[in-house]
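Here the structure comes first, spelled out in structure tokens, and everything after it is commentary.
The values are calculated or read from the model by the stated rules, or taken from the named source; none is laboratory data. Not measured: the values here are computed from a predicted model. Cβ sites come from the backbone with ideal geometry, for glycine too, and all protein chains shown count toward neighbours. Side chains included, ligands, DNA and RNA excluded: accessible areas come from the protein's heavy atoms. Shrake-Rupley method; radii C 1.70, N 1.55, O 1.52, S 1.80 Å.
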Amino acid sequence: MNLLKSLDYSVLQQCMHCGMCLPTCPTYMETKKERNSPRGRISLMRSVADGELEVTKAFSDEMYYCLGCLACQTACPAGVNYAELFETARAETERSGVAQSAERDFWRWLTLNVMFMHPRLLRLAGWGLRLWQKSGLDVKLRRVKFFGLLPKKLRDLEPQTPKVSPAFSDSLIEAVETPVEKKYRVGLLTGCIQDLAFSNINRDTADVLLANGCEVVTPRAQSCCGSLHAHNGAVELARELARRQIDSFDLDNLDAIITNAGGCGSHLKTYGHLLHEDLLYAARARQWDRKVKDIHEWLVQTGIRRPEHGAGVTEVTYHESCHLCHGQKVVSQPRQVLQAIPGLVLKELPESNWCCGSAGIYNITQPEQSAKLLDRKVKNIAQTGVTVVTTSNPGCHLQLANGLGASASVTQPVTLLAKAYREETASV
């Protein structure tokens, strides 16, 4: 059955075609073509639902040209749920098979069906990549331009390979860690890419929670949250991963489930909708949604304990993860976390909530458009004159670090707060 036809039709009718979304849409602003805008894509979806338009390769290409940044949702006066629409449209293109090719099908199977469905296998791959990077062979082969022999897509991707962490989250964080004075009991989500590339940020998050009176429960070998699958049309796999996450946590005995990745957090808060037809999980999924909190959101909600020392940094700017600000509507809280650190000045970034071009795997599937967005972001960062950029999502972190090179460093608000707490302890 056509998935767009199965949607509640009122969702498709919400768009008033007022055009408020147009100046917020990076792809429309690039091409000025109606079909590359949110309302243009919604018109295409509605035509498919009405049976006036067939699902074609061109329709699929348009849905995947969309960043899914959700800036249109923030701008929309009618409250259109664009996230549900574009995920359903992508799922329909995958169901129809219009975009299939041997190469595409292989990479989708390897990533969505294999690597990101088996956390231990993903960590094994990360362990292998870590050994490769520690050996220095990647640097040597880059020096002799060996990677120039690879097919263009792989050649372009190689420099973007993330540096794998020296140790993964389960080695850095105990299953249960208790503060001196316990006020709350929270679960900590460690993620997949966050775990492989930024396990230190997971450790920082745990330390910040401990410093704010939270007992931290971190289940072992956690699965992917499923956002990658939901955003790329693999809805059933996303549902399976949602069930796994829910089963990993004792929801009745936790005050909150903490996420520190903007893109993951936005998806994690939709398990109730994702599993609303699942008789076994629907009620627990709604309970899950109520308890999932972004780390900044939780700190502001419970009252940040201001550290007594600074973080060794005097001036920063802040790039907003699209799914944190537009998806979760967490906007002021990361700024409040930064402003709680003594001696730290926050300089606002022009177009701080304009997409950096990472957008999940957009920098892989749409490298040209992604590069344009990254260039725009880097120019805006240069305008601030600041050499430390903060953000709240692993994809943004990697994208900005690749774009900025040696001109500026990238970190996260929670890392700076954790550093301030450690300075406080070291001075005692």
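Some observations on this one:
- Segment 159-185 residues that are in a loop (DSSP other than H, G, I, E, B), paired with ones that are of a type in the set (Ser, Thr, Tyr) (beta carbon under 8 Å, 6 or more apart): 165/199; 167/199; 168/199; 173/190; 173/218; 174/218; 175/218; 183/302
- Residues being over 17 Å from residue 66 (Cβ atoms) and not in a helix (DSSP H, G or I) - total across segment 354-409: 11
- Single residue of segment 84-106 satisfying the filter (hydrophobic (A, V, I, L, M, F, W, C) and loosely packed, with under 13 Cβ neighbours inside 10 Å) that is farthest from residue 168 (Cα to Cα): 102
- Only one of the numbered conditions (1) hydrophobic (A, V, I, L, M, F, W, C); (2) under 24 Å from the mean Cα position of the chain (by Cα); (3) not in a helix (DSSP H, G or I) is violated by residue 42, and that is (3).
- Residue count for segment 6-29 satisfying the condition of being of a type outside the set (A, V, I, L, M), surrounded by 14 or more Cβ atoms within 10 Å (Cβ to Cβ) and either under 24 Å from the mean Cα position of the chain (by Cα) or part of a helix (DSSP H, G or I) (or both): 6.
- Qualifying positions in segment 238-271 - assigned to a helix (DSSP H, G or I) and within 24 Å of residue 333 (Cα to Cα): 262, 263, 264, 265, 266, 267, 268, 271
- All of 163, 182 fail the test of being at pLDDT 95 or above and basic (Lys, Arg), apart from 182.
- Taking first residues from segment 283-310 that are farther than 20 Å from residue 216 by Cα and partners that are modelled with pLDDT of 95 or more and acidic (Asp, Glu), the Cβ contacts under 8 Å between residues at least 6 apart in sequence or on separate chains come to 285/278.
- Any hit, segment 248-262, residues being of a type in the set (Gly, Ala, Ser), open to solvent by 10 Å² or more (accessible area, probe 1.4 Å) and farther than 22 Å from residue 415 by Cβ: yes
- Exactly one residue out of 382, 418, 408, 359 is free of Cβ contacts under 8 Å to residues at least 40 places away in the same chain and crowded, with 18+ Cβ neighbours inside 10 Å, and it is 408.
- Among the residues of segment 328-355, those identified as more than 17 Å from the chain's Cα centre (by Cα) and more than 13 Å from residue 413 (Cβ to Cβ) are 342, 343, 345, 347, 348, 349, 350, 351.
- Qualifying positions in segment 281-333 - buried (at least 20 other Cβ atoms within 10 Å of the Cβ) and assigned to a strand (DSSP E or B): 292, 293, 294, 316, 317, 318
- Number of residues in segment 387-402 that are surrounded by fewer than 24 Cβ atoms within 10 Å (Cβ to Cβ) and either more than 24 Å from the chain's Cα centre (by Cα) or farther than 11 Å from residue 317 by Cβ (or both) equals 3.
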